[in-house]
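Data first, discussion second: the structure below is written as structure tokens.
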Amino acid sequence: MNLLIYNEYPGKSRKAGKDVFDFCIFRTNTLSYFLLVRLSRRPNAGRRTDNKGGVLVQNARHIVVLTGSGISAESGIPTFRGKDGLWRQYRAEQLATPAAFDRDPRLVWEWYDWRRGIIGAKQPNPGHNVLAGWEKRRASFSIITQNIDGFHQKAGSENVIELHGNIWKVRCTEEGTVFDNNEIPIGNLPPHCPDCGALLRPHVVWFGESLEMGVLSDAFRLSGECDLMFVIGTSALVQPAASLPLAAREAGSVLVEINPDTTPLSPAVDFSFRGASGEILPRIETALKVSG
Ligand code: BV8
């Protein structure tokens with residue numbers, strides 16, 4: 001069962017809408033909760049929620065989608081904070097840092113080699129595919145992803161901003177030259193630059209490192225110009241990515257969250273689809289097709 005929760009009054013009277021909505025919930029939260037559950041259990045409730053999603057997509061002029069590791073979860077790629085987020089006993093924040101690489105480049109490379117092995121053996125899922133289809137059918141449709149797995153492009157998406165880099169690219173730590181590298185497993189760890197012999201590192205953004213300026217400014221520009229932003233599969237904890245939806249909202253965009261769990265962003269969105277993106281996006285797509 002997925003439950004769509006939304007504020008009745010998008011746009012300007014967002015604040016008023018929110019208070020009215022909260023007031024309703026506050027006044028009748030138990031009753032309304034059961035009502036919502038009852039309603040959502042009614043046979044076509046799901047269809048109505050998907051229709052809402054379909055109408056939003058239909059009426060939007062500029063759509064931006066911000067994705068996190070949750071959109072690749074149904075492809076079998078571990079998320080960062082999910083129960084499968086740990087590698088050996090390390091958390092991502094411990095390994096994805098310049099300090100960890102300086103300390104033990106082989107360990108960090110073993111971790112990336114392990115992730116490349118998983119990602120290399122998996123495929124994009126219906127969530128990625130629906131977004132790739134929307135891009136083809138719409139004048140203005142862009143994806144901003146925190147993921148380094150390259151699955152949006154593998155699904156056929158072209159307008160993809162990779163905020164945090166790509167796991168299939170490596171960079172010379174001396175000259176900064178970037179090379180494509182799809183070896184699985186990578187030969188001798190840690191790998192060295194074919195030109196100068198210096199250490200190679202994954203061409204990704206580590207914690208404590210700034211994002212590429214052009215990439216970040218493009219992401220904030222698109223977020224400030226869209227009228228509909230989907231926020232899919234992210235815990236919205238890592239900055240500056242987590243600020244993009246707030247920039248979109250400030251610019252008056254409608255925010256839609258797709259995530260089985262609530263996130264720090266949930267109170268700020270207009271619609272939350274509580275469920276798996278690999279199921280919800282195809283249903284919105286069906287609603288979109290039906291409403292033609
Ligand atoms: C920066 C690439 C300027 C590498 C990544 C204190 C000191 C220093 C820095 C900071 C600090 N406090 C804050 C910072 C900034 C830091 C930050 O935000 N830290 C966080 C942890 C608090 N940010 C940075 O360091 C950034 N740089 O700020 O530079 C600077 C410089 C110096 C000092 C200060 C500032 C760089 C951040 C980028 C790091 N690189 N990845 C790699 O991947 O190996 S971040 C990495 O983690 C991912 O790319 C992603 O961004 C993040 C993980 O988040 P999610 O993708 O959201 O995944 P998560 O598991 O958390 O959540 C999954 C969600 O999906 C859940 O909500 C779940 O419910 C949902 N889900 C599950 N299944 C499904 C689903 N949803 C839908 N469908 C499903 N089926």
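Some observations on this one:
- Every listed requirement among (1) part of a helix (DSSP H, G or I); (2) under 30 Å from residue 208 (Cα atoms) is met by residue 263 save one, (1).
- Of the residues making up region 217-237, those that are touching a helix residue (DSSP H, G or I) at 6+ places or on another chain (Cβ under 9 Å) and within 16 Å of the ligand (Cβ to nearest atom) are 219, 220, 223, 229, 230, 231, 232, 233, 234, 235, 236.
- The residue that is least open to solvent (accessible area, probe 1.4 Å), among those in region 140-167 that are of a type in the set (Asp, Glu) and within 13 Å of the ligand (Cβ to nearest atom), is 149.
- Test: residue in region 123-134 that is touching a strand residue (DSSP E or B) at 6+ places or on another chain (Cβ under 9 Å), closer than 26 Å to residue 278 by Cα and open to solvent by 20 Å² or more (accessible area, probe 1.4 Å): no
- Residue 281 open to solvent by less than 10 Å² (accessible area, probe 1.4 Å), in contact with a Pro (Cβ under 8 Å, 6 or more places away or on another chain) and under 23 Å from residue 216 (Cβ atoms): no
- Check on residue 241, near the ligand (Cβ under 9 Å from one of its atoms), farther than 18 Å from residue 131 by Cα, hydrophobic (A, V, I, L, M, F, W, C) and in contact with a strand residue (DSSP E or B) (Cβ under 8 Å, 6 or more places away or on another chain): yes
- Neighbours by Cβ (under 6 Å, 6+ apart or cross-chain): first from region 154-176, touching a residue at least 24 places away in the same chain (Cβ under 8 Å) and over 21 Å from residue 109 (Cα atoms); second assigned to a strand (DSSP E or B) and away from the ligand (no atom under 13 Å from the Cβ): 157/143; 159/142
- Selected residue (criterion: farthest from residue 218 (Cα to Cα)) from residues of region 229-260 that are within 13 Å of the chain's Cα centre (by Cα) and assigned to a strand (DSSP E or B): 258
- Residue that is surrounded by the fewest Cβ atoms within 10 Å (Cβ to Cβ), among those in region 224-247 that are more than 22 Å from residue 77 (Cα to Cα) and touching a His at 6+ places or on another chain (Cβ under 9 Å): 225
- Any hit, region 201-216, residues being open to solvent by 50 Å² or more (accessible area, probe 1.4 Å), over 17 Å from residue 148 (Cβ atoms) and modelled with pLDDT of 95 or more: no
- Every residue from region 168-213 that is charged (D, E, K, R) and within 16 Å of the ligand (Cβ to nearest atom): 169, 171, 201, 209, 212
The values are calculated or read from the model by the stated rules, or taken from the named source; none is laboratory data. Please read all numbers here as calculations on a predicted model, not as lab measurements. Virtual Cβ from ideal backbone geometry, glycine too; neighbours counted across all protein chains shown. Note: areas computed on protein heavy atoms with side chains; ligands, DNA, RNA excluded. Shrake-Rupley method; radii C 1.70, N 1.55, O 1.52, S 1.80 Å.
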